[in-house]
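Below: the structure, in structure tokens.
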Amino acid sequence: MTYALQPTSHAQDRPALVSGLSERAALEDFRRRLVRYAVKLIWNRDDAEEIVQDAFQLAISKQIAAGEERFGPWMFRTVGNLSLNFRRRSKPEPLADWNEPATGEDPAHHVEKAEQLERLRTAIEALPAQQRIAIVLRMQQQMDYADIARIMELSESAVRGHVHQARRTLVDRAAPAELPNGASA
Amino acid sequence: MTPCQDIQSRMDDWLDDLLAPNERDQIEAHLTTCRECREFFDAHRVLAADLLALSQAADRIVAAPRGPEQTAVRWLRGWRAAAAVLLAVGTLIAAMQFARSSRSPQLVEHISEGPGAVIEVAEIEPPVAIPESRPVIDVGANRMPVRMETQNPRIHLVWIYDRPSAPTDPAEAESNDDNNPGATFMNEQSLEENLSR
């Protein structure tokens, strides 16, 4: 399976410089990307919005402007750290409500799929912090390794190592339980 | 390194679509003949698909329209919630002050309504000075004001009634001696406990 990766472009880390959008629209677009990222870490939209808002306030207090090259990585890093340190206030969104069934999908299979995704979500939350950030940025935010390395302040090879290890762990932990007769559940 | 180890070591690049076409073809050809490697790659393929499905679910959560209630709840989070609580408390205090200033002295509550002593807590604005040396005993109402230190700033006057009981049990009648009404009064500590309830 392949999936589309976004082309490497550091301009996306400087929202005001994204062509075709006004500065304000570009900033809002960037904010939404951060919220989507935070939701993938904590699974609650209200809390994610709050965390992103806190990150923007921190950026202002540290005088990190949206036009600077370090702004994008710094914001992703801060949102990631705030999300990992976040003490959950609200329940995570139930995946059954948000996992859309494919056209003509059997309802029983849809429920089973939701349970499988729930196992995967739990397994991701159990990963060490750096593996968790790396796998979410790579496989869910679909960032390239160079951008993830700048966000995590690591070398690309170190990021690859975290993603590799996270994949191995998730394949083991999130796999559906085997039935006694050996058939897959 | 065995052929299988070599193939599996390239799984990450294969998943990340970073392999050259000929390398991809080589792996695909190996997977058709090696069950172990095929299962290994299939497991990671399923993982990638599930991670993508999880990501799409998260994107739907963010993209879902928000109702006015959700917006209000969100607005009331964090420092805004603290500000709203402070505003509400301030408004409540102001309303209580207004209500206090606009009403006459009135009974707040009765405590220990049983036979014997009745303690009536009254709120009076402005506070009435109670003589310390010679308590004013309201003979007609059979009550006496006492000075009480309580935790409640609203309480300015506490009346203690002596209400004779009408016991039916002779033993109880003996214990409730009318000549000694203070015997059934609460001590100051228990009175304070009742007032602070």
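The values are calculated or read from the model by the stated rules, or taken from the named source; none is laboratory data. Predicted model, so just to flag it, every value in this text is computed and none were measured. Because the Cβ atoms are built from the backbone with ideal geometry, glycine has one as well, and the counts that use them run over all protein chains shown. Please note that ligands, DNA and RNA were not included when accessible areas were found on the heavy atoms of the full protein model with its side chains. Shrake-Rupley method; radii C 1.70, N 1.55, O 1.52, S 1.80 Å.
Being open to solvent by 10 Å² or more (accessible area, probe 1.4 Å) and either among the charged types (D, E, K, R) or facing chain A (nearest Cβ under 7 Å) (or both) is the filter here; which residues of region B:51-61 pass it? Hits for region B:51-61 are B:LEU52, B:ALA53, B:ASP59, B:ARG60. Evaluating B:ALA64 against the criteria (1) open to solvent by less than 10 Å² (accessible area, probe 1.4 Å); (2) out of contact with any Leu (no Cβ under 7 Å at 6 or more places or on another chain) leaves one unmet condition, (1).
Kindly establish whether B:ALA63 is under 43 Å from the mean Cα position of the chain (by Cα) and without any contact (Cβ under 8 Å) to a residue 24 or more places away in the chain. Yes. For A:TRP43, the stated conditions do not hold, so it cannot be described as away from chain B (no Cβ under 14 Å) and hydrophobic (A, V, I, L, M, F, W, C).
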